[in-house]
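The values are calculated or read from the model by the stated rules, or taken from the named source; none is laboratory data. What you see is a predicted model, and the numbers here were worked out from it, not measured in a lab. Positions of Cβ are backbone-derived with ideal geometry, glycine not excepted, and every protein chain shown enters the neighbour counts. To get the accessible areas, we keep the full protein, side chains included, count just its heavy atoms, and leave off ligands, DNA and RNA. Shrake-Rupley method; radii C 1.70, N 1.55, O 1.52, S 1.80 Å.
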Amino acid sequence: MKLPSIRQMAEELKRIIIRFPLVMASAAAGTIAALVLIEQQGPTKPTIWFPILLTSLVGFFLLLGLAMLAEKRRWPPALRIASQGGGVLLLLLYGTSLPLLPEGEPAYHIVRFLLLMAAVVIFALTIPFAGTKEENGFWHYGRILVVRFLTAAFYAAVLQISLSLALLALNQLFDITIPGERYGELWALLVGLFGTSFFLAGMPGELNALEGRNDYPKGLRIFAQNILSAVVLVYLVILYAYLAKIILAWSWPRGWVSGLIIGFSATGLAALLLLWPIRSQEENRWGHLVWRWFFIVLIPLVVMLFLAVWRRISEYGLTVSRCLVVAVALFLALLILYFLISKAKSIRVIPGLFGIIALLLSFGPWGVFSLSEQSQKGRLETLLSRNGLLEGGTIRQAAGAVPDQDIVQISSILSYLNEMHGYGAIQSWFREPLKEEKEGRPVRLRPEEVTKKLGVEYMRGARSGFGSERTLRARKQSYFDIAGYDRMVTGLFTGEAGELYGLEDAGVTCTVSKGLKQLTLVVKEGEGAGESLTYELLPRVESLYAEWGLTNPEAIPLGELAIDAEGEHLKARLYLRHIQLEQKEEGLEIRNLSMDLLYALKP
């Protein structure tokens, strides 16, 4: 294979710039912004480069979609310029909404960026063929873009690894100092310039000719029929087995099943899209079966998805993540209705509907941020009013004791608002601002400081719901009482079988029963050889969780975590420094134990 010359590469780059001037400008602006931010090792002070970076990423796909739409519809130059100008105005509007310093800002900026990225990527994939009947052309266009994108990413990764090794060799062999940020800057250049140029170079030039193509890559057929089919079947068997368990046991679906249903749905939809051109071929029975039964099979799973997320919403209100799960469930429900009722059954509906929902969720009173913020504000208002902490829209000190369960929920809501939305929705309740000046810029108060203004102590409670993990941990800078002991060993038990890491010593052996419920020490030497002491771990852990789990689970006094035992020839004290638990239907289950053992062998 003949490699392209420098002149050929320059000509190709020139062609790309002429064809996609604003798209390449967006890529260049994003690359420059990334280089500056990496060189500064992150935005440590307000800078316009952070909004430029995010806006450029959104702009690359938005402007690309507009450019491909203009080519497909053969728009005149004036209309092309107007459409690109409108895209730039939208980008400027989005850029002005971004913070100049992301550190300390609510996380909704990043979530909104991800939603907008999903929307503009779908826009670039679907808009050229919107309003047409060119189903086959749309499929081939999407395939070309996806394959080209993956190829560009692969080439960029290979170059990154190769050039990074070259820089490392310069450092190791010639003692040339290579700052760590150079590796990040190299990646920014490869993605921002090489990757985007390579991707744009492969954009189809005549979109109207794609409708007549009938080629189907053999590798794609193998992947869709053999690999994706196996994954879909595994998901299907697990989910329907769990559905049968729910019906037989008449139990509520667990929250984590939502992820499994979404994974199954995404994999199945990918299989549908990949198999679409060959769905009617005699030799492709799998594709025919998928298209015939997938949406019917999906119905009970979507019902289970609604039930699983509704349980969490009914107990703890809306959050951004729960809103997104509801949106996915609605998306799947609409797809089911469309493909079971409609005669057209256009595959463009799948990515198109997804992109529209992602766009709608990112802004407005119907968006995930407004809905979740108002939901949590309402929950907090109810809790505060019930305990006399909020009267007439103004915060007041608690007149009496506030139940721990309510304090835990108040603390949890404040933490969520602080991390995702900020305190803007509840600021009017407080006489003092919920921000303070630090290093010349306003910084939100920590949830612990806000609860003090309510006259209650911040409590970190474990989340409810089966499958949730809990942690009990000793307070930092805790010290042992070693009086009466002459040996100490440290170790970790993990897993249901009680695998041992550490905690071995010449004087004693230590074993833990399955499920980490009991720990047994046996003397190995001396007069007391064979003597044993047994610790009942699970009852102790359950009592610890009952006492500390809803108040201060990660700062328990070390003395509360000690268990003493003494025999004729062995005296021992066990400190449970770190305990990882999981809530099951039948109760708490210990997953990991980190412990320190003090002991003394008596003559």
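Table for the structure above
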read-out: Residues (in a helix (DSSP H, G or I) and open to solvent by 90 Å² or more (accessible area, probe 1.4 Å)) located in the range 362-376; value: Gln374
read-out: Check on Thr96, within 20 Å of Gly355 (Cα to Cα) and either of a type in the set (Val, Ile, Thr) or free of Cβ contacts under 8 Å to residues at least 24 places away in the same chain (or both); value: no
read-out: Residue check for Lys571: surrounded by fewer than 17 Cβ atoms within 10 Å (Cβ to Cβ) and of a type in the set (Lys, Arg); value: no
read-out: Hey, Leu115 out of contact with any His (no Cβ under 6 Å at 6 or more places or on another chain), touching a residue at least 40 places away in the same chain (Cβ under 8 Å) and not in a helix (DSSP H, G or I) or not; value: no
read-out: Flag for Ala118 being out of contact with any Lys or Arg (no Cβ under 7 Å at 6 or more places or on another chain), at pLDDT below 95 and not β-branched (Val, Ile, Thr); value: no
read-out: Flag for Phe61 being of a type outside the set (Val, Ile, Thr), closer than 22 Å to Phe138 by Cα and either in a helix (DSSP H, G or I) or in contact (Cβ under 8 Å) with a residue 40 or more places away in the chain (or both); value: yes
read-out: Among the residues listed as Glu536, Glu531, Glu560, Glu554, the single one being of a type in the set (Asp, Glu), surrounded by 14 or more Cβ atoms within 10 Å (Cβ to Cβ) and closer than 21 Å to Phe493 by Cα; value: Glu560
read-out: Unmet criterion (only one of (1) in a helix (DSSP H, G or I); (2) open to solvent by less than 60 Å² (accessible area, probe 1.4 Å)) for Leu98; value: (1)
read-out: Selected residue (criterion: farthest from Val368 (Cα to Cα)) from residues of the range 446-458 that are of a type outside the set (Ser, Thr, Tyr) and either surrounded by 19 or more Cβ atoms within 10 Å (Cβ to Cβ) or modelled with pLDDT of 90 or more (or both); value: Val456
read-out: Some residue of the range 164-179 being buried (at least 21 other Cβ atoms within 10 Å of the Cβ), free of Cβ contacts under 8 Å to residues at least 60 places away in the same chain and under 30 Å from Lys45 (Cβ atoms); value: no
read-out: Qualifying residues in the range 481-506 (those that are in a strand (DSSP E or B), β-branched (Val, Ile, Thr) and at pLDDT 75 or above) - the one most open to solvent (accessible area, probe 1.4 Å); value: Thr490
read-out: Those residues of the range 386-425 which are over 27 Å from the mean Cα position of the chain (by Cα) and open to solvent by less than 60 Å² (accessible area, probe 1.4 Å), in sequence order; value: Asn387, Gly388, Leu389, Leu390, Gly393, Thr394, Ile395, Ala398, Gly400, Val402, Asp406, Ile407
read-out: Boolean, Thr126 is surrounded by fewer than 18 Cβ atoms within 10 Å (Cβ to Cβ), polar (S, T, N, Q), assigned to a helix (DSSP H, G or I) and touching a Gly at 6+ places or on another chain (Cβ under 9 Å); value: no
read-out: Members of the range 369-423 that are within 21 Å of Arg322 (Cβ to Cβ) and among the basic types (Lys, Arg); value: Lys377, Arg379
read-out: Filter result for the condition that a residue is open to solvent by less than 30 Å² (accessible area, probe 1.4 Å) and either outside any helix (DSSP H, G or I) or at positive phi (or both), over Thr31, Thr47; value: Thr47
read-out: Top-ranked residue of the range 465-480 - restricted to ones that are open to solvent by less than 50 Å² (accessible area, probe 1.4 Å), over 20 Å from Gly515 (Cα atoms) and assigned to a loop (DSSP other than H, G, I, E, B), ranked as modelled with the lowest pLDDT; value: Gly465
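Condition check ((1) more than 21 Å from Leu273 (Cβ to Cβ); (2) of a type outside the set (Val, Ile, Thr)) across all residues:
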site: Gly317; (1), (2): yes, yes
site: Val325; (1), (2): yes, no
site: Tyr338; (1), (2): no, yes
site: Leu361; (1), (2): yes, yes
site: Leu380; (1), (2): yes, yes
site: Asn387; (1), (2): yes, yes
site: Gln397; (1), (2): yes, yes
site: Ala401; (1), (2): yes, yes
